[in-house]
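Engineer: To start, I am sharing the structure in question, which I have written as structure tokens.
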Amino acid sequence: MTIGKGPSVRHLEETTVASMRRRIPIEQLGAVMAELAEACRERGIAAAGPPMAIYYDTEFDPRDTDVEVCVPVTAEFASDEKVRRRTLPGGAVATIIHRGGYDTIGESYAALMAFVQEQGHRVIGPPREVYLVGPGAPGGTESFQTEIQVPVLSVH
């Protein structure tokens, strides 16, 4: 694991996404992302950016994870029982780029949370992982790049 671009705060614009929220063992994340991609294809919804996951649990449990998988979209579509259209809020996020496999992503989370504390920010929302380069990319897990984003509020 290496930290590619390292901790900073930046502003995100609000983003419209197609999403599915599930409670799953974390090893099923890829299957749920594939399910979302297939559901979008069936509905004619084109992705406008890399896929992401939003983690809602206060304490991460790999056996039972409350996660929403999303893909940014630009086209209008109606939500249904499987795919929801919603807008993720914009605002300040503390962010870091994790390079390498997901087995070491905890180290990047620790570095990001230390940065948040050192800078006097307060976490105000669930973390997101944006999968910039992931499974299926040449180079195996060493080529993976995941941007971790944590919504923050400055308390200074």
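The values are calculated or read from the model by the stated rules, or taken from the named source; none is laboratory data. Worth saying up front: this structure is predicted, and the values here are computed from it rather than measured. Heads up, the Cβs are rebuilt from the backbone with ideal geometry, glycines too, and the neighbour counts pull from every protein chain shown.
Engineer: Quick one: count up the residues across region 117-133 that are within 25 Å of SER19 (Cβ to Cβ) and buried (at least 18 other Cβ atoms within 10 Å of the Cβ).
Structural biologist: 6
Engineer: For region 66-95, what are the residues that are of a type in the set (A, V, I, L, M, F, W, C) and not in a loop (DSSP other than H, G, I, E, B)?
Structural biologist: VAL67, VAL69, CYS70, VAL71, VAL73, LEU88, ALA92, VAL93, ALA94
Engineer: Another one. Got at least one residue in region 121-130 being under 27 Å from GLU42 (Cα atoms), out of contact with any helix residue (DSSP H, G or I) (no Cβ under 9 Å at 6 or more places or on another chain) and part of a strand (DSSP E or B)?
Structural biologist: There is at least one residue in region 121-130 that is under 27 Å from GLU42 (Cα atoms), out of contact with any helix residue (DSSP H, G or I) (no Cβ under 9 Å at 6 or more places or on another chain) and part of a strand (DSSP E or B).
Engineer: Run down GLY139, GLY120 and say which single residue is over 21 Å from VAL69 (Cβ atoms), of a type outside the set (Asp, Glu) and without any contact (Cβ under 8 Å) to a residue 12 or more places away in the chain.
Structural biologist: GLY139
Engineer: Something else: When GLY106 is evaluated against the numbered criteria (1) within 16 Å of the chain's Cα centre (by Cα); (2) modelled with pLDDT of 95 or more, which criterion, by number, is the only one it fails?
Structural biologist: With respect to (1) within 16 Å of the chain's Cα centre (by Cα); (2) modelled with pLDDT of 95 or more, GLY106 is out only on (2).
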